[in-house]
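Step one of this worksheet: look at the structure below.
Any read-out appearing in this document is the output of simple, stated calculations on the displayed coordinates, not a laboratory observation. Source: prediction; values computed, not measured. Here the Cβ is made from the backbone with ideal geometry for all residues, glycine too, and neighbour counts use every protein chain on show.
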Amino acid sequence: MLLPDFFPDATRGVIRSIDSQDLKVAGINGLIVNTYHLLSQPGPSVLKSVGGIKPFMGWDGWIVSDSGGFQMFSIIQKNKSLGSINKDGVIFHLSSKGGRRKYKITPEKCIQIQFDINSDVMVALDYFTPYKAKEEDIKLSVDWTIEWGKRCKDEFERQCKSRKLDANSRPFLFGVVQGDSSKRERERCAVELEKIGFDGYGYGGWPFDADGNFDLEMTKHIAEVTPDKPLYGLGVGNPQAVVDSVRLGFSIFDCVLPTRDARHKRLYVFKKDPKKIKDIFTETDWLDFVYISRERFVRDGSPISEYCDCHACKNYSRAYLNHLFTIEDTLAYRLSTIHNLRMYSMLMEMLRKVVAK
């Protein structure tokens, strides 16, 4: 795995409007899928029968499988009627194939499903701290994250043994550092997870401060209290936040931001030739946005970005993309998504060069 890197969210085994070949051409090396969303469709048994998510979606790059904790807990915390959380795991309901089914996800079950997904990097089940949590809620989320982490690790080792996977053939397992806004609880979580022993550690919970800005202080704190292993910014996708996180020691990122923004007509561009940016860590004004549906692009014959070599920029104009969105043709989604992902892959190429120095 080339690090640092950004993995787009192929939550249900697909990135809307583009296929695996588009991803490769855009320079994408890996994807993240979601255990929670794959649970009902197509289901673990289907994925197991075809050899996992990679052959299922025609992808041969890296795959990270998220535990789905964020999705499960967010839904339940917003609406208690949809499920419950206890020390043993999570119970929730999903609509599937015209009906409504009850699911129970324990730490052990979470790992078993991820082995059916057959991912390269698995994420242990963690207790996502509720928004604006009280001190006792934060402590409980850390307590259960640690306990579930231990159970996930034990099940992971059982699965590896039963499948005769050695240190070279087994997937990686990441623990998740919870603790919300408490530096003390973040450190406690990191220390206890280190005792269990994981291949890497993720930034769990909301990565934003009270003002809604990316929390650089907590990001730095987590990097300082975790072992010297790969750090994963779960859900971190703002380009500047990615740059700042790499500077602080993080090396893996995922987010829906670039693909969702592409479908919502916001395209990412470099303000200057990225080849002339000597140190992305010290640059303060390198990112810009093209809101492609605006009137001023109706007759703009230039590419989305003069500094981009993606399929969209090499073959189509801003005017054409504006037209596609105006007539609501789905080709607009494909071209915009390809462009945004290529911009991210170019950014990661720059960051790898800086880190390697």
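Within the chain, what percent of beta bridges assigned by DSSP are antiparallel, to the nearest 5?
If we restrict to bridges inside the chain, about 45 percent are antiparallel.
To make sure I understand the rule: partners must be lysines, Cα under 16 Å from the Cα of K139, and not fewer than 8 residues away in the same chain. Which ones qualify?
K87, K183
Using helices alone, I'd like the mean residue ellipticity at 222 nm for the chain: each DSSP H run of four-plus residues gives -39500 (n - 2.57), total over residue count, nearest 500.
Working: 14 runs with 153 residues, N = 357.
The helix-only estimate for the chain comes to -13000 deg cm²/dmol at 222 nm.
Starting from the Cα-Cα distance between Y291 and S162, subtract it from 0.36 nm times their residue separation and give me the gain in nm to one decimal. Intermediate results must be reported in sequence, preceding the final value.
On the way: separation 129, 0.36 × 129 = 46.44 nm, distance 5.21 nm.
So the extension gain works out to 41.2 nm.
Label the range 238-290 by shape, choosing from rounded, prolate and oblate, from the square roots a ≥ b ≥ c of the eigenvalues of the Cα gyration tensor; if a/c is under 1.5 it is rounded, and otherwise prolate applies when a/b is larger than b/c, oblate when it is not. All intermediate terms of the calculation are to be shown ahead of the outcome.
Working: a/c = 2.76, a/b = 1.20, b/c = 2.30.
Oblate.
Once each part is reduced to its C-alpha centroid, what is the distance from the range 288-357 to the range 115-189 in angstrom?
When both Cα centres are located, 37 Å separates them.
Within the chain, which DSSP H helices have Cα atoms that stretch 27 Å or more along the helix axis and a mean Kyte-Doolittle hydropathy of at least 0.0? Before the final figure, lay out each step's value.
Details: long enough: 135-162 (41 Å, -1.28); 331-356 (38 Å, 0.41).
Result, helices passing both filters: 331-356.
Given the convex hull over the Cα atoms of the range 39-187, what projected area results after averaging over all orientations, in nm²?
On the way: hull surface 39.8 nm².
The Cα convex hull of the range 39-187, projected and averaged over all directions, gives 9.9 nm².
What's the FRET efficiency of K353 with E306 using the Cβ-Cβ distance as r and R₀ = 25 Å, to the nearest 0.05? Walk me through the numbers on the way to the answer.
Working: r = 21 Å, r/R0 = 0.84.
Plugging the Cβ-Cβ distance into 1/(1 + (r/R0)^6) gives 0.75.
Counting Lys +1, Arg +1, Asp -1, Glu -1, what net charge surrounds Y268 among other residues with beta carbon under 9 Å of its beta carbon?
Numbers: positive: R266; negative: D261, D288.
With Lys, Arg at +1 and Asp, Glu at -1, the neighbours total -1.
I want to check the label-to-label distance for S81 and H323. Put each point 7 Å from Cα in the C-beta direction and report it in nm to one decimal.
Placing both labels 7 Å beyond Cα along the Cβ direction yields 4.9 nm.
What lysines sit close enough to K272 to cross-link, taking a C-alpha to C-alpha distance under 24 Å and skipping anything fewer than 8 places away on the same chain?
List returned: K314, K353, K357.
Near K164, which lysines are there with a Cα under 28 Å away, not counting those fewer than 8 places off in the same chain?
In chain and number order, the partners are K48, K54, K104, K109, K150, K153, K195, K229.
How long is the gain from V46 to R16 if the chain were fully straight, where each residue apart is worth 0.36 nm and the alpha carbon distance is subtracted? Let's see the in-between values first.
On the way: separation 30, 0.36 × 30 = 10.80 nm, distance 2.09 nm.
Stretched out fully, the V46 to R16 stretch lengthens by 8.7 nm.
For a paramagnetic label modelled at 7 Å from the Cα of F281 toward its Cβ, which residues of the range 311-354 fall within the zone defined by backbone nitrogen distances under 12 Å?
Under cut-off, by backbone N: 351-354.
Give me the orientation-averaged projected area of the Cα convex hull of the range 129-259, in nm², one decimal. The partial results should precede the final answer.
Working: hull surface 34.6 nm².
Hull-based average projected area comes out at 8.6 nm².
Once you have a ≥ b ≥ c as the square roots of the Cα gyration tensor eigenvalues for the range 5-255, tell me rounded if a/c is under 1.5, and otherwise prolate or oblate according to whether a/b is larger than b/c. Walk me through the numbers on the way to the answer.
Values: a/c = 1.36, a/b = 1.18, b/c = 1.15.
Because its axes are fairly even, with a/c under 1.5, the range 5-255 counts as rounded.
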